[in-house]
Every structure is written in structure tokens, then in C-alpha cells.
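The values are calculated or read from the model by the stated rules, or taken from the named source; none is laboratory data. These figures come from a predicted structure and were not determined experimentally. A quick note on method: Cβ atoms are made from the backbone with ideal geometry, for glycine too, and the neighbour counts reach across all protein chains shown. When the accessible area is computed, the model is the full protein with side chains, heavy atoms only, and any ligands, DNA or RNA have been set aside. Shrake-Rupley method; radii C 1.70, N 1.55, O 1.52, S 1.80 Å.
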Amino acid sequence: MKRNSRIFNLTAGPLLLILCICLLPESVFDGLAGRAAVGTVAWMAYWWVTAPVDYAVTAFLPIGVNAVIQMADMEAVIANYASETILLLLGASILTVSWERTGLDRRIAIRFLNLIGSNLRRQIVFWFLVSAVLSSVLPNAVVCATITPIAVSMLNYIGEKDVANSKAASKILLTIAYAAGVGGLATPLGGAMNLVVVDYIQQLTGKEYMYIEWVLKFFPIMLVLLVSNILFMVRDIHKDEELGGSAEYFARELKNMAPMNVEEKLSLALFLAATLLSFTRQLYQDLLPGLKPAYVFIICAVISFLIVDRDGNRLLVWKSVQSKIIWELIYIFAGGLAAGTLINDSGAAKAIGQMVSHMGLEGGIPTVFVVVLLTLLLSDVTSNTATAAVAIPIVISIMQGIGTEPLPYVYVATIGVNLSYMLPTSIRAIPVGYGLQPGYMLKEGVKLSAIVLVLMTACGYLLFVF
């Protein structure tokens, strides 16, 4: 970046904060905190996209700004930098360091390339469907944190190590993050945000909500989302575009590989054990209520330091491991969570919702459009669960206020609560941590958000009618 451009971008970030504080209406944002929270998120988004400083540095802005302008309790802000999800990402990063040490990363890459083939379109469809299906019953952070390293190992093997400048690598990593979000809509088990919605539905109806009803109602929506998202991701990929070699080449490489050694098996076993225990949490949560996915990954990461090779040498030592952990990924994720805390605890999210409630909505397609738009935007700057907690009661109160049945609009709001595409917050921080450019994510995300907004508005309205 040229010096003048960098100076401009550095200055523009805090200027956005000042403009938000000065120009956002006090009638909507009661007090300085809400306006400053919006300004801080605008500052972070601008710096993440223009990159005048490292992405991880931008992630610490919520702490710095909150120390000067009190927007939320500082302990709540700082807690995001050591949250359960952060520990999960740290544990997964440590476990995957052992892959490189043992050569397991190369074996996994060849296996996947031999299984799926090297066609880029087929690769994108595969990673999208795998991530979407898993995230329909599992937390999307767990899915994204476990699937992404596998894809990265494959990409590294074929020479696509510079994600920022690789179309194929950027596409695949972005696909996994997008799919993990989309898949969460399929069932109530797709994330805590859906359980928040279920709780409000039960309050509205006064009876227990059957999960199969959710699956049936969102099935047509899921079909539209899956098809539209996949078509968008492959739209600019030639049908013959390949990844690093022919099917025959990868089959030959697989055939020539030596059998797995003990160190490889142990490294793989630990990662699979952590993943399996995370995916089957429901089976043992009553017996071991404290053994959440984050702690499973940390325990397995600790165990990985106990492995020794056949010569008695330790497989992993901290001095070498710490240089390979993707710390930027962890801090970007934490910064996104902290930004969400500012938006929610400052009252900014509630103020935005109240502003929508005074727009004179009377139901029908304009209301569907506004509800989807509001929830899509909120999900991009705060967590999906926080968006659900803020948006759903506002939607209910608006609909009850105009004498309209609120339940259909709750379902519409749930669509936007689950989807977000533009900023490196929440699980979208994971591909950025592996090298994806936030500017590329924003460019693609704006387009896909516009497409999804139109499609979901139409689908929501048609479901009302039919």
C-alpha cells in the first residue's frame, strides 16, 4: 500500500467513529454509547477491508475505544478474547500443527483429491454440502473450525498456499464459512439462535414446539438457499478448471504413499476424537455437563504434546508449535465477538430495532423485505444469537401492534438471523485467519446478500400466500 493511501485509510477509520457520534440521531440512539458502538464497528469494518494495519490489530479496537468511551462493561468486552469458541479454535490449531510434523496433512490432501477429484466446481459443491449438512445439527463454529483445516491441508499440498492471491483457495474457504451459516437454518439444532427463536414461538403459541415442524417449514427455503449460494460461488469458474493435477496423478500419488506410521495415526485419532465428541455432545451432556466442544479440543491438544516418536523424541514442543498457530485467526474472531458485545450492550441494536418499529410497517412484502434486511445486517455486525435475542421480540411487538399474526414474520426473521456474508465477524473470521482477504469477502458478500435479500423476500411472501 502506498504511503499516502495508508495515511488516508488510517485517518478515515477514527473519522468514521467521530462522524457516527456527531451525525447519528440522538432521538434514536439515546446517549453516546450507542452511537460510539456503531462508529467503532464502522471503523473496524473499514480497517479490515482496507488493511492499513494488520487484521489482528484492528481486532483490538473494541478494547481501546471502550476504554476511552464507555459503551459496555469492559469485563464483558475482554471476555470475548478468551471465550469458549476462542479456546476451540486454539485447540484445533494445535492439533493441526501435528499434521505437518507427521506428514498427515499430505495424506489427507491426497485422499480428498482422490475421492472428490480436482475439478474446482466439484470441490466447491462438495465443501458446501458437507459444511451445510454438518452445521444443520452442530454449532457452525465447530463445523467451520474443523472443516477449514482439512481444506487448507489439501490446498497447501497442491501449492495453493497464498490464499489471498489464489482464486481457488479463496473460493473454497469462503464456501465453507458461508455453508456453515446456511446449514444452521435447516434444524433447530443448527445453533443457539434457533433455540432462542423456538422459545419465542412457544411463548406465542402456548404449546411445545415440535422440531419436525421447523424442518418442514424451512425445507423449501433451504433448497432455494443451497442452490442460489452454490450457483453464486461457481458462477465465474470454468467447468474444466482444475486444482493442481489430474485424477490419474492423485490416484498414482495415493498408491505410492507409504503406510501410515504410529505418529500419523495418533495425530489423526486425536483430531477425530475431538471432532466426534463435539459432534455427539447431546449424547453425554447430562453425564458430563462441563465437557463442551471447546474443552474437548483443549484436552486433546494437551494430549498431543505427550506423543513421542519411535526414537523417543516429543512430537510437539511449545516453542515450535506457537510459531505455527494462526494467532491472527483467533484475534480476528475475538474482535468480531467484542464488536457484537458493544453493539448489544450499548443499546445500539435495540435502538436500530426500535427505529424499524416506527417505520409504519403494515405487513405484506414491504415488511418481509425490511425484516430480512434488518436481521441480515445485524447478523453481520453481531452474533447470530444476539441478533435473534434483539430482533425476534421487536418483530413480534411490531406485528401485534398492527394486529397481524406475528408467527409467519418470526419465521421470516429467522432466515436473516442465520445468514450473514459480508464482514469477517463470527465464523467468517476463520477463513480470514487463514489468509482470505476481507475486501474479497465484502465484495462477494455484498453481491450474495443482495441476491439472498431478494430471494428470501420473495420466498417469505410466497409462503405466506400459499
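Taking square-rooted eigenvalues a ≥ b ≥ c of the alpha carbon gyration tensor, is segment 284-366 rounded, prolate or oblate, where a/c under 1.5 means rounded and, failing that, a/b exceeding b/c means prolate? Taking the square roots of the gyration eigenvalues as a ≥ b ≥ c, segment 284-366 is prolate.
Under 24 Å Cα-Cα from K255, which lysines qualify once same-chain neighbours fewer than 8 residues away are excluded? K255 reaches K265.
Where does segment 160-294 land on Rg/Rh, using Cα atoms and the Kirkwood Rh? We get a ratio of 1.08 for segment 160-294.
Computed per residue of the chain from DSSP H runs no shorter than four, each worth -39500 (n - 2.57), the mean residue ellipticity at 222 nm is -23500 deg cm²/dmol. Shown here are the Rg and Dmax of the Cα trace of segment 403-446, at 15.0, 50 Å. Look at the dipole of the chain built from charges on Cβ: of A391, I343, F8, the Cα furthest out on the positive end belongs to F8. Computed on the chain, with alpha-carbon pairs under 8 angstrom and 6+ residues apart, the relative contact order is 23 percent. Taking N as the residue count of the chain, its C-alpha radius of gyration divided by 2.2 N^0.38 Å amounts to 1.00. Each 5 Å bin from zero up to the one holding the largest Cα-Cα distance in segment 61-155 carries the following percent of pairs: 2, 11, 17, 16, 15, 13, 8, 8, 6, 4, 1. Per-residue accessible area (protein heavy atoms, 1.4 Å probe) orders K255, K161, K265 as K255, K161, K265, starting from the largest. For segment 273-314, the C-alpha radius of gyration divided by 2.2 N^0.38 Å, with N the number of residues, is 1.46. Over the C-alpha trace of segment 85-211, radius of gyration and Dmax come out as 17.3, 57 angstrom.
Only protein heavy atoms count here; on that basis, with a 1.4 Å probe, V302 has an accessible area of about 90 Å².
With coordinates expressed along the principal axes, the C-alpha atoms belonging to segment 288-435 extend over 75, 33, 26 Å, beginning with the largest. Residues whose amide H comes within less than 5 Å of that of V308, counting only those at least five positions distant or on another chain, are L315 (H built at 1.01 Å from N in the peptide plane). So what's the angle, to the nearest 10 degrees on a 0 to 90 scale, between helix 211-234 and the longest Cα principal axis of the chain? In the chain, helix 211-234 runs at an angle near 70 degrees to the longest axis.
Taking a ≥ b ≥ c as the square roots of the eigenvalues of the Cα gyration tensor, segment 250-326 is oblate, since a/c reaches 1.5 or more and a/b is not larger than b/c. Protein heavy-atom accessible surface, 1.4 Å probe, per residue over segment 323-438: 30 Å². For segment 399-466, with all protein chains in place and a probe radius of 1.4 Å, 69% of the accessible heavy-atom surface sits on carbon or sulfur. The portion of the accessible surface of segment 176-332 made up by carbon and sulfur, rounded to a whole percent, is 64 (1.4 Å probe; DNA, RNA and ligands excluded). Residues whose amide H lies under 5 Å from that of E242, counting only those 5 or more places away or on a different chain, are L120; hydrogens are built 1.01 Å from N in the peptide plane. Site pair L306 and M257 shows an inter-label distance of 2.7 nm when each label is modelled 7 Å from Cα along Cα→Cβ. Per residue, segment 1-43 exposes 61 Å² of accessible surface when a 1.4 Å probe is rolled over the protein heavy atoms with every protein chain present.
Gyration tensor analysis over the Cα atoms of segment 371-442 returns equivalent ellipsoid semi-axes of 30, 9, 8 Å (largest first, whole Å).
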